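These notes are about the structure you will find just below.
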Amino acid sequence: AAVPVLTIDGPGGAGKGTISRLVADRLGWHLLDSGALYRLTALAAVKHEVALDDEARVAEVAAELDVAFVAESEATRVLLEGEDATTTIRTEQIGDAASRVAALPAVREALLKRQRDFRKSPGLVADGRDMGTVVFPEAPLKVFLTASAEERARRRHLQLREAGVDASLSSLLKEIQARDARDMQRSVAPLVPADDAVELDTTSLTIPEVVNRLTDLLTERG
Ligand code: C5P
């Protein structure tokens, strides 16, 4: 039988990263953090001084991306060309650059096969924007996670504070709204729920509540 895939799409800051990792851990499944691939493409382009709007060259960077995801006890370490890029790719600057290169069709095409290669037995949790619509359209369970922009800004603020970064809540909210607009309005693979996705608003849910809800859904569908 085909290897099962659970796709988890939604806007930035809805908790997809944390939830996907916890669900994958609980199920013993593999994890695809597709946003990290767009972030790594952006970082590699910056590193090699490729203009972020040079579609053909950024697509080449994406096709030749030399990355490794190293699972460690707490999180996953990300290497770009052998160098640790775990924290660098999480900056707002690279997040912004990622959403620019992600709007280029040739870049998305270049990353397609690499993403599908993550589908390995016993299963895959795929986290992104277009996992259920484009990359794994035949996935048996698709979830679209949302939360209000204010709540997502608040979560991001807390996360940054824990990391010792002091950012203003209002500027985080503005960045989140700008990124949402760009991700939803782009012509290629825009951020929209798949027709057959289950939508879950996490604004007033805790992380364990969301994880339980998703594993329950999988059991119901399984
Ligand atoms: O999820 P994350 O914030 O790491 O993603 C960074 C950017 O990459 C997003 O703002 C989005 O523009 C892009 N992205 C995408 N398709 C995906 C995952 C991420 O376009 N499947």
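Elements of the type helices (runs of 4 or more DSSP H) sitting completely within the range 28-144 and holding at least 1 residues that are surrounded by fewer than 16 Cβ atoms within 10 Å (Cβ to Cβ) and either among the hydrophobic types (A, V, I, L, M, F, W, C) or modelled with pLDDT of 95 or more (or both): these cover 34-47, 55-63, 105-116. Residues that are aliphatic (A, V, I, L, M), in contact with a Ser or Thr (Cβ under 8 Å, 6 or more places away or on another chain) and at pLDDT below 95 do not occur anywhere in the range 161-170. For the range 143-171, the set of residues classified as in contact with a helix residue (DSSP H, G or I) (Cβ under 7 Å, 6 or more places away or on another chain) and within 13 Å of the ligand (Cβ to nearest atom) consists of 145, 152, 156, listed by residue number. Taking residue 138 as the residue in question, decide whether it is free of Cβ contacts under 8 Å to residues at least 40 places away in the same chain and over 17 Å from the mean Cα position of the chain (by Cα). When the stated conditions are applied, residue 138 does not pass them.
When residue 158 is tested against (1) farther than 13 Å from residue 13 by Cβ; (2) surrounded by fewer than 17 Cβ atoms within 10 Å (Cβ to Cβ), only condition (1) is not met. Screening the candidates 164, 82 for the property of being touching a residue at least 12 places away in the same chain (Cβ under 8 Å), more than 21 Å from residue 11 (Cα to Cα) and more than 17 Å from the chain's Cα centre (by Cα) yields one hit, 82. Scanning the range 193-210 for residues that are part of a helix (DSSP H, G or I) and closer than 15 Å to residue 147 by Cβ returns 207, 209, 210. Tell me, please, whether a residue that is charged (D, E, K, R) and either near the ligand (Cβ under 9 Å from one of its atoms) or in a helix (DSSP H, G or I) (or both) can be found in the range 184-192. Yes, the conditions are met somewhere in the range 184-192. Only one of the numbered conditions (1) among the aromatic types (Phe, Trp, Tyr); (2) within 21 Å of residue 152 (Cβ to Cβ); (3) in contact with a Gly (Cβ under 6 Å, 6 or more places away or on another chain) is violated by residue 38, and that is (3). Report whether or not residue 181 is without any contact (Cβ under 8 Å) to a residue 60 or more places away in the chain, small (Gly, Ala, Ser) and within 15 Å of the ligand (Cβ to nearest atom). Judged against the criteria, residue 181 is a match.
Rundown of residues vs (1) farther than 15 Å from residue 143 by Cα; (2) surrounded by 15 or more Cβ atoms within 10 Å (Cβ to Cβ), yes/no style:
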{"residue": "171", "(1), (2)": "yes, no"}
{"residue": "175", "(1), (2)": "yes, yes"}
{"residue": "183", "(1), (2)": "yes, yes"}
{"residue": "192", "(1), (2)": "no, yes"}
{"residue": "196", "(1), (2)": "no, no"}
{"residue": "211", "(1), (2)": "no, yes"}
{"residue": "214", "(1), (2)": "no, yes"}
{"residue": "217", "(1), (2)": "no, yes"}
{"residue": "221", "(1), (2)": "no, no"}
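Can you name the residue in the range 1-27 that is more than 22 Å from residue 181 (Cα to Cα) and in a loop (DSSP other than H, G, I, E, B) and, of all such residues, is nearest to the chain's Cα centre (by Cα)? Among those that are more than 22 Å from residue 181 (Cα to Cα) and in a loop (DSSP other than H, G, I, E, B), it is 4.
The values are calculated or read from the model by the stated rules, or taken from the named source; none is laboratory data. Because the structure is a prediction, the values reported are computed rather than measured. Backbone-built Cβ (ideal geometry, glycine too); neighbour counts: all protein chains shown.
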